[in-house]
Amino acid sequence: MIYHAKKGQTSSGEAIGILLLDTSVPFIPGDVANATTYPFPVRFRKVEGFTVARAIGKDPSIYDGLHKAACELVDQGVRAITGDCGFMALHQKRLARELPVPVFLSSLLQIPFILSILGESGKVGVITADGRSLDEALLAAVGVTDVDRLVIQGLEEQSNFYRFAIQESGTLDPTKVEAEVVAAGRCLMAADDSVKALLLECSLLPPYASALQRALQMPVFDYISMINFVFSAVVKQPYEGFI
């Protein structure tokens, strides 16, 4: 095999590019923005000025900065691009249309797939950073039209999550946040017993997915399940064995 250098590329072997909000929170293992979360190399790129407030507020003016950062990741050789905020869904269709690699900005993209494996009566419980902002328009941006099959529970009133994730206090007690996430899951289940699977919208929530699954005994999807899935598609592994 003959290898050819790509002009301007400074490193290789990072198949997944991750666009990050311009935020300051502790990125613990399991978080989308923590490189030790993955069993493969990833490349990060912060989108300057793309704050939490602008993400939750669904500010369309950030698109040019998002596009520029995504193009830089493509230039560095990534094979697919994701993000670290479910509310990036607003920009999914346009960015996917304008880039030469697959784009999967929001964990919410998994909802149509999850619904399709649950049967017609099953619902998806969505735990989100802000239930007030997760509206039908945002869901439509990722192909979700049957909103009646969603049960949404926001964390905006959970004090520990709110302080570290939204107010960006700079400190995080994962034990307390885990308790809030599990409580949100229990509340969601109490509201509708048709929920058969859970989706964590926020990129800060995968560290608590295991505890949530232990508590509620059902499938839990999050950003990491999506990223691992796409990686397995853009980097196929050969099979070895015998028959």
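Of all beta bridges that DSSP places with both ends in the chain, some 0 percent have antiparallel geometry.
Placing unit charges on the Cβ atoms of the charged side chains and taking the dipole of the chain about its Cα centre, the candidate lying farthest along the positive direction among 225, 8, 34 is 8.
Amide H to amide H distances under 5 Å link residue 151 with 124, 125, 126, where only residues 5 or more positions off or on other chains count and H is placed in the peptide plane. Largest GNM mean-square fluctuation among 204, 66, 172, using the chain with Cα springs under 10 Å: 172. Along the chain, the longest continuous region that contains none of the trypsin sites (Lys or Arg not before Pro) in a DSSP loop with at most 11 other C-beta atoms within 10 Å is 8-131.
In a fully extended conformation the segment linking residue 191 and residue 133 would gain 18.9 nm over its present Cα-Cα distance, using 0.36 nm per residue.
Rounded to the nearest whole Hz, the Karplus-based 3J(HN,Hα) values (6.51 cos²θ - 1.76 cosθ + 1.60, θ = phi - 60°) of region 131-139 follow the sequence x, 5, 9, 8, 9, 5, 5, 5, 5, with x at glycine and proline.
Taking the Cα centre of the chain as origin and assigning +1 to Lys and Arg Cβ atoms and -1 to Asp and Glu Cβ atoms, the resulting dipole is close to 660 debye. You can think of it this way: the chain between residue 59 and residue 121 has 18.9 nm of extra reach, that is 0.36 nm per residue less the Cα-Cα gap. Scaling against 2.2 N^0.38 Å puts the C-alpha radius of gyration of region 156-243 at 1.37.
For mean projected area of the Cα convex hull in nm², several values are listed as (1) 15.5; (2) 14.1; (3) 16.2; flag the one computed from this structure. Read-out taken from this structure: (1). Considering helices alone, the calculated mean residue ellipticity of the chain at 222 nm is -9000 deg cm²/dmol, with DSSP H runs of length four and up weighted by -39500 (n - 2.57) and normalised per residue. Assuming R0 = 45 Å, what is the FRET efficiency of residue 213 and residue 22, from their Cβ-Cβ distance, to the nearest 0.05? Efficiency, from the Cβ-Cβ distance: 0.90. Picking from 185, 216, 137, whose Cα lies most toward the positive end of the charge dipole for region 108-222 (charges on Cβ: Lys, Arg +1; Asp, Glu -1)? With unit charges placed on the Cβ atoms, the residue in question is 216.
Every number in this text was worked out from the coordinates using simple rules, so none of it is lab data. Please read these numbers as outputs of a predicted model, since none were measured by experiment. Backbone-built Cβ (ideal geometry, glycine too); neighbour counts: all protein chains shown.
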